[in-house]
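Undergrad: Got a structure for you, written out below as structure tokens; questions coming shortly.
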Amino acid sequence: MKTLQKVLLKLWNQWFIFGMGLSILLAYFFPQVGLRGGVLHPEITISYVAIITLFLITGMGLKIAVLKNALRSWKHQLCESPSNLPILNLGLTKILLIFYPVQLLDEMPA
């Protein structure tokens, strides 16, 4: 009985690894659940729900004092964002053009 309790305690302490293994096993035996148009609708859940959940969990970890400090510097943000966004967009466009030349961009599906 003590051995069973030790095993269950180990599983409880390693719940994330155990859950990942269980998820992989379920995906192996029931792949139709995760197919496009399946029960989980991965085209929606991965695109929207997963990203929203990640941002929500990350935001919940922020301290209130840090959020208040960020709100106090709204003037700085108001000046910095409009100047950085065009520079960032131009830089990313240049990088994309290196990997995808213009003639390939015209042929890519929309």
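The values are calculated or read from the model by the stated rules, or taken from the named source; none is laboratory data. Remember, it's a predicted structure, so these values are computed and weren't measured experimentally. Glycine gets a Cβ as well: all are built from the backbone with ideal geometry, and neighbour counts include every protein chain shown.
Undergrad: Being surrounded by 10 or more Cβ atoms within 10 Å (Cβ to Cβ), outside any helix (DSSP H, G or I) and under 23 Å from the mean Cα position of the chain (by Cα) is the filter here; which residues of region 55-77 pass it?
TA: The answer is L62, and nothing else.
Undergrad: Going by the conditions given, is E80 part of a helix (DSSP H, G or I), more than 23 Å from the chain's Cα centre (by Cα), among the charged types (D, E, K, R) and surrounded by 10 or more Cβ atoms within 10 Å (Cβ to Cβ)? Break it down stepwise before answering.
TA: Details: part of a helix (DSSP H, G or I): yes; more than 23 Å from the chain's Cα centre (by Cα): yes; among the charged types (D, E, K, R): yes; surrounded by 10 or more Cβ atoms within 10 Å (Cβ to Cβ): yes.
Judged against the criteria, E80 is a match.
Undergrad: Tell me yes or no: at least one residue of region 28-45 is part of a helix (DSSP H, G or I), at pLDDT below 85 and of a type in the set (V, I, T).
TA: The answer is yes; a qualifying residue exists.
Undergrad: Still on this structure, please answer the following. For region 8-23, what are the residues that are under 19 Å from the mean Cα position of the chain (by Cα), closer than 19 Å to L40 by Cα and not polar (S, T, N, Q)?
TA: Selection gives G19, M20.
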